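Throughout, read-outs are computed from the coordinates displayed, never taken from laboratory work. Source: prediction; values computed, not measured. So basically every Cβ, Gly included, is an ideal-geometry build from the backbone, and we count neighbours across all protein chains shown.
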Amino acid sequence: MTVRVAIGADHGGFALKSELVPWLKAQGYEMLDLGAHKYEAADDYPDFAEAVARSVASGETQRGIIICGSGVGACIAANKIKGVRAGLCHDTYSAHQGVEHDDMNVLCLGARIIGGELAKEIVAAFLKAEFSQEERFSRRLQKVLAIEARNIAGK
């Protein structure tokens with residue numbers, strides 16, 4: 001099965017996204033590019049973060065990648081969507097460990113923090129990783145999901 005990946009970036013991440021999309025396609029991933037499709041200095045990261053997060057939460061894509069200047073804003077915005085577990089990663093260990101231990105499904109990157117080659121290594125680690133079915137990780141994930149459910153219910 002080909003993994004379908006949503007990707008989005010604001011003006012701060014536009015150049016890095018433009019580098020990653022063809023590389024990811026060459027790696028065999030099916031890409032859903034949710035913009036920006038041209039450089040717009042006045043665009044806003046929450047718009048792209050929400051689009052990618054909703055794609056993952058709905059099951060339209062299995063994983064998501066969001067890129068902004070620092071990655072922080074995109075991560076905050078994406079985590080507002082139920083079912084999304086976004087993590088900001090600027091190293092390969094966090095990228096694969098976030099999936100293996102925490103079932104992270106959206107990767108956030110800061111294009112002003114890392115360059116293209118490191119970004120490719122981080123993205124590869126994220127996309128190749130799988131959630132561990134080990135009891136302690138499943139237990140912890142269930143606790144995270146319970147927090148999300150209580151928050152949505154207003155409790």
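Tabulated results
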item	result
Set of the stretch 1-39 residues, backbone N closer than 19 Å to the point 7 Å along the Cα-Cβ line of GLU130	1-5, 28-30
Nearest-ten-degree value, helix 135-152 long axis tilted from longest Cα axis of the chain	80 degrees
Helix axis angle, 45-58 relative to the chain longest principal axis, alpha carbon, degrees	50 degrees
Using θ = phi - 60° and Karplus 6.51 cos²θ - 1.76 cosθ + 1.60, couplings along the stretch 21-26 (whole Hz; Gly, Pro as x)	4, x, 5, 5, 4, 5
At R0 = 22 Å, FRET efficiency that the Cβ-Cβ distance of LEU118 and VAL3 yields, to 0.05	0.55
Mean ellipticity per residue at 222 nm, deg cm²/dmol - from DSSP H runs of n ≥ 4 across the chain, formula -39500 (n - 2.57)	-15500 deg cm²/dmol
Paramagnetic reach from GLU19 (point 7 Å along Cα→Cβ, amide N under 11 Å) across the stretch 91-132	111-121
No Cys partner within the rule (Cβ under 4.7 Å), the chain	CYS68, CYS89
More than 22 angstrom apart: percent of Cα pairs within the stretch 22-155	36 percent
Pairwise label distance in nanometres, SER58 with LEU141, each label 7 Å out on the Cα-Cβ vector	2.3 nm
Whole-Å distance, taken between Cα centres, linking the stretch 1-23 and the stretch 72-120	13 Å
Dipole magnitude of the stretch 4-152 about its Cα centre (Cβ charges: Lys, Arg +1; Asp, Glu -1), debye to nearest 20	360 debye
Choice from GLU40, GLU130, GLU100 showing the highest fluctuation, given a GNM over the chain with Cα pairs closer than 10 Å	GLU40
Crossing angle, helix 92-102 versus the chain [Cα axis fit, 0-90 degrees, rounded to tens]	30 degrees
